Amino acid sequence: MAGTALPGRLIWQAATVSAVRAETPSARTIVLDIPDWPGHLPGQHLDLRLTAEDGYSAQRSYSIASDWPGAGPVEITVQRLEDGEVSPYLTDVVEPGDRIELRGPIGGWFVWRSAQPAPVLLVAGGSGVVPLMSMIRERGRLRARQPFRLIYSVRTPEDASFAGELRRRVRDDPGLDVHFVYTRKTPDGWPAPPKRIDVATLNSHGWPPDFAPDVFVCGPTSFVETAADILVALGHDPSKVRTERFGGG
Amino acid sequence: MGIISRGFGGRRRDSAPDLPPGQYLTQDFPVLSAGPTPRIPLDRWSFTITTETGRKHTWDWAEFTALPAEEITRDIHCVTKWSKLGTTWKGVSLDTLFEDVETAADYVMAHSKGGYTTNVPLQDLLDGQAWIAYEFDGEPLDPEHGGPARLLIPHLYFWKSAKWVNGLEMMHEDEPGFWEAAGYHTYGDPWLEQRYQGD
Ligand SMILES: Cc1cc2nc3c(=O)[nH]c(=O)nc-3n(C[C@H](O)[C@H](O)[C@H](O)COP(=O)(O)OP(=O)(O)OC[C@H]3O[C@@H](n4cnc5c(N)ncnc54)[C@H](O)[C@@H]3O)c2cc1C
């Protein structure tokens, strides 16, 4: 596809963890130095492969959280699933200096290209914010003019990744709005009780379908199903609603 | 091959029988789709095979479900790494659907509601290898999983098993479909780990 960062062939390579950073009590950003990274578009992911001493290995996909200014490290942000095989290793065991095998970038559809003039609606459930954060960061760096709205559903205020950075960007990046939905516990003084994302949320905090926004919905499968169904019911063109389902129920 | 991941044990190894490389077992039924799930009323459903000469063979829901159906039990493998063993389906074999279709073309583009496409060689669809499935686990197929009916080609990665399928178009040359143009492999054999372009 024209304009994607897809190389002809995706080769496994060893990246080095250069830093780790807690985002929430259960999510962590891992900063990766990748010697031979061809660059990526916001929204793409990479595949990561862990190998045990006896050769047993496990692969998983992780979205790229960082933007790509043409050089520099690549960041992923991983949410711990308590009974998971790979995510607790990444959130609790990995340390700077460790080497991790990966390949990428992958995916030519769930990407935002800064040449697309339409306004953008981002809808995130939990760790689904990760690829959307890459889009927000890219927009900020390019000082792109397309207005962005992010609707970000989290259980509690403590579960919001990138909360500080989002606050700062809402102040400094003109045309960026962020609206939180809290499903279990709201911050003190929040005007509404906890609730799941619904028609009212997407109606009042998204763009009207008439604006023909590019919509990106990402998160656990059930969240994406719900949000995408509502968007279509509100009149958004299904072909403008791009989805990435992370799995789970 | 593979550098050792310090301190990685692997929790799911006991549940990893004979899986294609890089896959792990799941009991769930995860979903991979590029957009919202379309809801297709049965009275508006149809399925069409279009040959390279433009000849069309079309079935509506009543005609389609009146065709001889088969019970199918197969393992399925998704490019996002999960595999599911012994899934059971009911559907119409493509051998049945192609019985009266005359074609000299070797490739097929599967079309789905919403404009998604995926390409498959015709020889992978025939000889008991592929179906249009409309039941999963004894129940009508969920829209989320491609209902009312989806292509089922269990020997290829599961994105080839186009959800919400509504037609097959014969082609002389192999052309990339939607996922393939977005970077996935043109053929997609899980045992050769053909996930992405160039694998
Ligand atoms: C394209 C893509 C991009 C992804 N990007 C990210 C990302 O940026 N950050 C991130 O944290 N994860 C991301 N994921 C999910 C990630 O690939 C793993 O599935 C996740 O980390 C769980 O792996 P695990 O080995 O810990 O759990 P597993 O051992 O695979 O599974 C543990 C249990 O949790 C369930 N489960 C699996 N995934 C989820 C989920 N998302 N929510 C709830 N339950 C689930 C499983 O069904 C299983 O029962 C992405 C997935 C895809 C397909």
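In the range A:59-82, how many residues are free of Cβ contacts under 8 Å to residues at least 40 places away in the same chain and either near the ligand (Cβ under 8 Å from one of its atoms) or away from every other protein chain (no Cβ under 12 Å) (or both)?
Start the filter on the range A:59-82 by keeping residues that are free of Cβ contacts under 8 Å to residues at least 40 places away in the same chain, which leaves A:59-60, A:70-72, A:82.
Add one more test, that the residue is either near the ligand (Cβ under 8 Å from one of its atoms) or away from every other protein chain (no Cβ under 12 Å) (or both), and what stays is A:60, A:70-72.
Residues flagged as free of Cβ contacts under 8 Å to residues at least 40 places away in the same chain and either near the ligand (Cβ under 8 Å from one of its atoms) or away from every other protein chain (no Cβ under 12 Å) (or both) within the range A:59-82 amount to 4.
Scanning the range B:52-67 turns up no residue that is in contact (Cβ under 8 Å) with a residue 60 or more places away in the chain and within 16 Å of the ligand (Cβ to nearest atom). Of the residues B:D18, B:D60, the single one that is modelled with pLDDT of 95 or more and either within 23 Å of B:Q194 (Cβ to Cβ) or out of contact with any Leu (no Cβ under 8 Å at 6 or more places or on another chain) (or both) is B:D60. Restricted to the range B:86-124, and to residues there that are charged (D, E, K, R) and either open to solvent by less than 10 Å² (accessible area, probe 1.4 Å) or over 22 Å from B:R44 (Cα atoms) (or both), the residue that is nearest to the ligand (Cβ to nearest atom) is B:D124. The range B:1-85 holds strands (runs of 3 or more DSSP E) entirely within its bounds, and those carrying 1 or more residues that are within 14 Å of another protein chain (Cβ to nearest Cβ) map to B:70-77. When the range A:42-58 is filtered for residues that are of a type outside the set (F, W, Y), out of contact with any strand residue (DSSP E or B) (no Cβ under 6 Å at 6 or more places or on another chain) and more than 12 Å from the ligand (Cβ to nearest atom), the ones remaining, listed by number, are A:P42, A:A52, A:E53, A:D54, A:G55. Pairing residues of the range A:234-249 that are charged (D, E, K, R) with residues that are within 7 Å of the ligand (Cβ to nearest atom), at Cβ distances under 7 Å and at least 6 apart in sequence or on separate chains, gives A:E244/A:P131.
Looking only at residues in the range A:86-112 that are out of contact with any Ser or Thr (no Cβ under 9 Å at 6 or more places or on another chain) and part of a loop (DSSP other than H, G, I, E, B), the one that is most open to solvent (accessible area, probe 1.4 Å) is A:E95. Being touching a residue at least 24 places away in the same chain (Cβ under 8 Å) and open to solvent by 60 Å² or more (accessible area, probe 1.4 Å) is the filter here; which residues of the range A:180-209 pass it? Selection gives A:R184, A:K185, A:R196, A:V199, A:N203, A:H205. Identification of strands (runs of 3 or more DSSP E) wholly contained in the range A:44-85 with 1 or more residues that are in the same structural domain as A:S18 (by TED's automatic domain parsing) and open to solvent by 30 Å² or more (accessible area, probe 1.4 Å) yields A:57-63, A:74-79. Among the residues of the range B:63-85, those that are open to solvent by 20 Å² or more (accessible area, probe 1.4 Å), modelled with pLDDT of 95 or more and not basic (K, R) comprise B:E63, B:T65, B:A66, B:L67, B:P68, B:A69, B:E70, B:E71, B:T73, B:D75.
Run A:L150 past the list (1) under 11 Å from A:F180 (Cα atoms); (2) in contact with a Ser or Thr (Cβ under 8 Å, 6 or more places away or on another chain) and report the number of the one that doesn't hold. All conditions pass for A:L150, except number (2).
Residue by residue through the range B:182-191, note down the ones that are in a helix (DSSP H, G or I) and either within 14 Å of chain A (Cβ to nearest Cβ) or modelled with pLDDT under 95 (or both).
First, pick out the residues of the range B:182-191 that are in a helix (DSSP H, G or I): B:190-191.
Of everything in the range B:182-191, just one residue is in a helix (DSSP H, G or I) and either within 14 Å of chain A (Cβ to nearest Cβ) or modelled with pLDDT under 95 (or both), namely B:P190.
Any idea which residue in the range A:83-97 is nearest to the ligand (Cβ to nearest atom), counting only those that are touching a residue at least 12 places away in the same chain (Cβ under 8 Å) and over 19 Å from the mean Cα position of the chain (by Cα)? Result: A:E85.
The conditions of being away from chain B (no Cβ under 14 Å), open to solvent by less than 40 Å² (accessible area, probe 1.4 Å) and at positive phi are met by A:F162.
Identify, please: which residue in the range A:202-249 is of a type in the set (V, I, T) and more than 16 Å from A:G126 (Cα to Cα) and is, among those, farthest from the ligand (Cβ to nearest atom)? Don't jump to the end; show me each part of the working.
Quick first cut of the range A:202-249, residues of a type in the set (V, I, T) only: A:215, A:217, A:221, A:224, A:226, A:230, A:232, A:241, A:243.
Still in the list and also more than 16 Å from A:G126 (Cα to Cα): A:215, A:230, A:232, A:241.
Numbers: A:V215: 17, A:I230: 20, A:V232: 22, A:V241: 17 Å.
It comes out as A:V232.
The values are calculated or read from the model by the stated rules, or taken from the named source; none is laboratory data. None of the values given here were measured: they were computed from a predicted structure. Note that each Cβ is placed from the backbone with ideal geometry, even for glycine, and that neighbours are counted across all protein chains shown. Remember, those area values only see protein heavy atoms, side chains included, never the ligands or the DNA or RNA. Shrake-Rupley method; radii C 1.70, N 1.55, O 1.52, S 1.80 Å.
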